[in-house]
């Protein structure tokens with residue numbers, strides 16, 4: 001009996017020793033990568049074996065860092081926990097067809113916007129077409145727009161002022177059309193030293209694009225296009241485009257979704273040969289006439305996938321505010337969104353996050369702070385959740401798609417890392433799951449803050465750390 005007991009102890013000690021050796025080996029390898037990096041880097045790391053729960057490596061894992069778009073991991077988890085998988089945003093048109101006589105509508109037309117981050121001009125056109133198909137040629141009543149579901153705070157607290165001109169910083173509102181951005185496409189001219197060819201959408205935009213971009217030969221120095229606001233409603237594009245370059249899409253933010261919508265509606269009513277006689281109004285609807293038509297967003301799964309793979313700020317903040325609306329049962333705001341996400345993650349995943357973070361849904365706010373340990377805890381709990389497969393497959397995949405398409409592309413790392421990237425001024429983060437060469441699942445978070453040079457240097461460090469984890473197991 002004693003012999004069996006001692007054998008058991010020996011086996012247990014041996015297994016523990018092997019674990020310690022593996023941890024020491026990984027620790028040594030990661031420390032070697034960090035030492036070789038050279039610079040003093042403000043980095044936090046936690047690496048966990050998902051199956052055993054062992055912490056394989058930890059460095060500053062309880063320190064707070066700006067998460068950048070790693071914040072979207074929390075938004076996605078809360079949305080998948082609280083919203084129906086078939087949830088869609090709806091843009092609705094209300095009109096009483098009984099009040100149409102001889103092509104004249106003697107009543108009000110109502111349009112209600114819900115913050116659909118995927119709504120397009122074509123979908124808006126479909127709604128106006130529905131009015132024409134109902135036989136309306138003149139609208140004698142008002143055109144009322146209800147955008148009251150979201151408040152009018154268009155940027156999250158702590159978001160950079162510089163972001164507001166760019167599409168990733170476009171205003172978050174109940175009215176979202178074409179991501180609340182204007183678009184221009186630049187193509188190279190056939191000959192060098194000629195202006196690049198400018199193409200615009202077939203609908204009116206509330207901003208002008210001034211094209212100062214010149215076509216250059218391929219042997220020219222590397223070309224770059226810079227776009228900046230040069231007038232109240234004007235973006236100017238400067239720089240060059242190589243003759244061999246593919247068409248480049250420029251997207252910039254609008255400053256006033258209501259003004260943009262007014263211009264589009266006037267255009268679409270004219271396009272559909274409908275005459276209106278009153279200015280477009282913005283107010284909350286009270287009594288509703290019958291629903292005539294609606295346009296829906298893709299279902300939640302598609303929205304979350306686009307949000308994570310493409311790091312889409314508009315989808316993230318729209319879901320964030322929508323959860324705030326449903327939680328508070330009142331006007332949606334960033335504060336209500338914060339309260340909602342904290343409550344949802346606390347109740348469903350038993351996750352405790354300080355009230356001073358999760359300020360927005362996208363991670364654009366510099367007031368967001370999280371630790372690597374908090375992110376790993378979230379990811380670990382999600383792995384055992386009913387929506388685990390949906391969540392993991394929605395993440396960018398190394399060397400394959402999303403924001404990791406051009407990172408970790410070699411045979412050892414491609415397809416092995418499912419993770420969310422994050423980039424802000426002085427912040428770079430990467431958190432998710434790694435499949436090792438022995439098919440183990442590793443949960444990890446790497447957070448780097450406080451640098452002053454370009455983020456690629458630190459993204460390369462993140463990639464090297466992931467490669468080290470893959471090869472170690």
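Taking region 230-256 only, how many residues are assigned to a loop (DSSP other than H, G, I, E, B), without any contact (Cβ under 8 Å) to a residue 60 or more places away in the chain and closer than 11 Å to residue 186 by Cβ?
Of the residues in that region, 2 qualify.
Condition check: closer than 30 Å to residue 282 by Cα, in the same structural domain as residue 278 (by TED's automatic domain parsing), in contact with a strand residue (DSSP E or B) (Cβ under 6 Å, 6 or more places away or on another chain) and not in a strand (DSSP E or B). Does residue 205 satisfy that?
No: the conditions fail for residue 205.
Determine whether residue 61 is in a helix (DSSP H, G or I), touching a residue at least 60 places away in the same chain (Cβ under 8 Å) and either on the phi > 0 side of the Ramachandran plot or not assigned by TED's automatic domain parsing to the domain that holds residue 267 (or both).
no
Could you please find all residues in region 302-324 being without any contact (Cβ under 8 Å) to a residue 60 or more places away in the chain and in contact with a strand residue (DSSP E or B) (Cβ under 6 Å, 6 or more places away or on another chain)?
Correct list: 324 only.
Pick from region 64-89 the residues that are buried (at least 16 other Cβ atoms within 10 Å of the Cβ) and assigned to a loop (DSSP other than H, G, I, E, B): which of them is nearest to the chain's Cα centre (by Cα)?
67
Identify the residue in region 167-176 that is assigned to a loop (DSSP other than H, G, I, E, B) and in contact with a strand residue (DSSP E or B) (Cβ under 9 Å, 6 or more places away or on another chain) and, among all such residues, is surrounded by the most Cβ atoms within 10 Å (Cβ to Cβ).
Top of the filtered list is 172.
Considering only residues of region 425-454 that are within 22 Å of the chain's Cα centre (by Cα) and at pLDDT below 95, which is surrounded by the fewest Cβ atoms within 10 Å (Cβ to Cβ)?
Top of the filtered list is 454.
Would you confirm, using the coordinates I've provided, whether residue 158 is modelled with pLDDT of 95 or more and in a loop (DSSP other than H, G, I, E, B)?
no
Would you confirm whether or not region 257-271 contains a residue that is outside any helix (DSSP H, G or I) and either at pLDDT 95 or above or surrounded by 19 or more Cβ atoms within 10 Å (Cβ to Cβ) (or both)?
No; the residues of region 257-271 include none that is outside any helix (DSSP H, G or I) and either at pLDDT 95 or above or surrounded by 19 or more Cβ atoms within 10 Å (Cβ to Cβ) (or both).
Within region 325-346, identify whether any single residue is under 19 Å from residue 45 (Cα atoms), over 19 Å from the mean Cα position of the chain (by Cα), outside any helix (DSSP H, G or I) and touching a residue at least 24 places away in the same chain (Cβ under 8 Å), and answer yes or no.
Scanning region 325-346 turns up no residue that is under 19 Å from residue 45 (Cα atoms), over 19 Å from the mean Cα position of the chain (by Cα), outside any helix (DSSP H, G or I) and touching a residue at least 24 places away in the same chain (Cβ under 8 Å).
Within region 112-124, restricting attention to residues that are out of contact with any strand residue (DSSP E or B) (no Cβ under 8 Å at 6 or more places or on another chain) and more than 14 Å from residue 260 (Cα to Cα), which residue is surrounded by the most Cβ atoms within 10 Å (Cβ to Cβ)?
In this case the residue turns out to be 117.
Among 429, 413, 468, which is the only one that is assigned to a strand (DSSP E or B) and in contact (Cβ under 8 Å) with a residue 24 or more places away in the chain?
429
Exactly one of these conditions fails for residue 183: (1) farther than 30 Å from residue 242 by Cα; (2) surrounded by fewer than 21 Cβ atoms within 10 Å (Cβ to Cβ). Give me its number.
Among (1) farther than 30 Å from residue 242 by Cα; (2) surrounded by fewer than 21 Cβ atoms within 10 Å (Cβ to Cβ), the lone unmet condition for residue 183 is (1).
Could you pull out the residue among 75, 91 that is in contact with a strand residue (DSSP E or B) (Cβ under 7 Å, 6 or more places away or on another chain) and in contact (Cβ under 8 Å) with a residue 40 or more places away in the chain?
Within the list 75, 91, the selection yields 91.
Condition check ((1) surrounded by 21 or more Cβ atoms within 10 Å (Cβ to Cβ); (2) over 24 Å from the mean Cα position of the chain (by Cα); (3) over 30 Å from residue 98 (Cα atoms); (4) at pLDDT 95 or above) across all residues:
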{"site": "150", "(1), (2), (3), (4)": "yes, no, yes, no"}
{"site": "195", "(1), (2), (3), (4)": "no, yes, yes, yes"}
{"site": "209", "(1), (2), (3), (4)": "no, yes, yes, yes"}
{"site": "221", "(1), (2), (3), (4)": "no, yes, yes, no"}
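Is region 386-399 home to any residue that is without any contact (Cβ under 8 Å) to a residue 40 or more places away in the chain, within 22 Å of the chain's Cα centre (by Cα), closer than 23 Å to residue 32 by Cα and outside any loop (DSSP other than H, G, I, E, B)?
No, region 386-399 contains no residue that is without any contact (Cβ under 8 Å) to a residue 40 or more places away in the chain, within 22 Å of the chain's Cα centre (by Cα), closer than 23 Å to residue 32 by Cα and outside any loop (DSSP other than H, G, I, E, B).
So residue 274 clears everything in (1) surrounded by fewer than 16 Cβ atoms within 10 Å (Cβ to Cβ); (2) within 26 Å of residue 133 (Cα to Cα) except one condition, right? Which one?
Looking at each condition in turn, residue 274 falls short on (1).
The values are calculated or read from the model by the stated rules, or taken from the named source; none is laboratory data. Please read all numbers here as calculations on a predicted model, not as lab measurements. Backbone-built Cβ (ideal geometry, glycine too); neighbour counts: all protein chains shown.
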